[in-house]
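Please read the structure below before turning to the comments.
Read-outs: derived from the displayed coordinates by stated rules, not from any lab. Computed from a predicted model, the values in this text were never measured in an experiment. Virtual Cβ from ideal backbone geometry, glycine too; neighbours counted across all protein chains shown.
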Amino acid sequence: MKPDFKQVLWENFAASIDMLKDVIQICPDDLWEKDRQFFYMAYHTVIFMDYYLTYPVTDFEPQLPYTLLPFENLPPGAIDDVIPNRHYQQSEMLDYIAHIRNKCAALIGPGSTQNLEEQWIEPSAIELHGLCPSLVEEYTILEILFYNFRHVQHHVGQLNLLLRTKAGRAADWIARAGE
């Protein structure tokens with residue numbers, strides 16, 4: 001039997017989410033608390049993953065709030081202008097990832113009836129949260145899913161490199177996630 005496209009997409013996206021969870025989970029406490037680059041990159045990945053999985057975008061309500069800062073005011077280690085309102089604990093980040101994984105399953109997982117060819121963001125919502133880069137303004141839900149999936153995996157690789165370099169460990173590869 002040929003696998004269903006949405007099922008394959010879900011299993012791979014969920015594997016990427018699970019890898020993000022693992023890399024945050026195995027991060028030593030001292031690295032989490034002191035290495036701003038690791039923390040900001042983890043936060044950036046999580047907040048954008050949630051945003052890009054929100055449909056409609058007007059429903060986006062981050063569980064771990066942020067503030068947008070001008071680039072000249074960014075704290076050391078920040079990777080963009082989306083700055084968390086405080087230093088969130090690993091457990092808070094992991095709980096948020098679990099919420100986002102469920103959101104992803106609802107959008108594309110088993111039993112989802114979402115039409116992936118619909119426009120992801122309406123023009124009136126583009127500036128609403130300050131997170132929409134111009135290159136994704138015209139994306140369909142399917143396109144933003146692939147963009148998001150690649151974005152998460154890109155940062156998981158960077159986080160794994162930081163972990164290996166600074167803590168001598170890295171999360172394992174997950175080939176395909178289950179339910």
**Asked** About its Cα centre, what dipole magnitude does the chain give when the only charges are +1 on Lys and Arg Cβ and -1 on Asp and Glu Cβ, stated in debye to the nearest 20?
**Response** 660
**Request:** Please work out the Cα center distance from the range 55-86 to the range 108-179, rounded to the nearest Å.
**Result:** 16
**Item:** Net charge of neighbours whose Cβ lies under 11 Å from the Cβ of T67, counting Lys and Arg as +1 and Asp and Glu as -1
**Value:** 0
**Complete:** Over the chain, the quotient of the Cα radius of gyration and 2.2 N^0.38 Å is 1.03
**Request:** Go ahead and run the numbers for FRET between R36 and L94, Cβ-Cβ distance against an R0 of 25 Å, rounding to 0.05.
**Result:** 0.85
**Asked** Taking the Cα centre of the range 5-167 as the origin and placing charges on Cβ (Lys, Arg +1; Asp, Glu -1), which of I108, Y88, L142 is farthest toward the positive end of the dipole?
**Response** Y88
**Fill in**
Per its Cα gyration tensor (rounded if a/c is under 1.5, else prolate when a/b beats b/c, else oblate), the range 53-131 is best filed as oblate
